[in-house]
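In what follows, a structure is listed as structure tokens, so that the remarks can point back to it.
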Amino acid sequence: MIKQASAPQAQDFMTRKVRTVTASLSLDEAVAFLKRHKISNAPVVEEDAEGHRILIGFLSEGDCLEHLSNEVFFGSPAPQQTVRTMMKMHPVCVEPDMDIFALASIFVNHRYRHLPVAENGRLLGIVSRRDILHALNDYYRDAFKDRKSKKFPPNLSELINHRFILKR
């Protein structure tokens, strides 16, 4: 019997060097940050007493676009928009040991483009839909490079539960 390689987990392919923002940045500073670093989103963090980055929110280009267009159309808001007023609080996160099939299910069913990887509130990295596509393609090629190998279907009862984990 041919042994199937274990499925990759988020920690195997997540981006560890994540550009983050603080909640105090202004709207203009946040847009400039995203533009300067050529990224479409950024986790919002605070440092704890031990210097760990604690995830408190998630900011996307869409969040900035919404608030910037409102500000330009309606005039200057009071108070000034900051990352804290624009970010999505309590963002959906994944754990570092979540396997690629659960991740793919989350990305497909919920239409996310990026998700923070966190453990006990600490930001460890970020995974993107593209990361998962590439990792899954590599896994597929490695698992089935020998055409004599058998396919091992996943336990569907475990996977189906992932569709209902995330509720907004």
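Just so it is clear, none of the values below were taken in a lab; they were calculated from the coordinates. Source: prediction; values computed, not measured. So basically every Cβ, Gly included, is an ideal-geometry build from the backbone, and we count neighbours across all protein chains shown.
Protection proxy ranking, highest mean first, for peptides 94-102, 64-72, 46-54: 94-102, 64-72, 46-54, where packing is the per-residue count of other beta-carbon atoms within 10 Å, averaged.
The charge dipole of the range 33-107, taken about its Cα centre with unit charges on the Cβ atoms of Lys, Arg (+1), Asp and Glu (-1) only, comes to about 420 debye.
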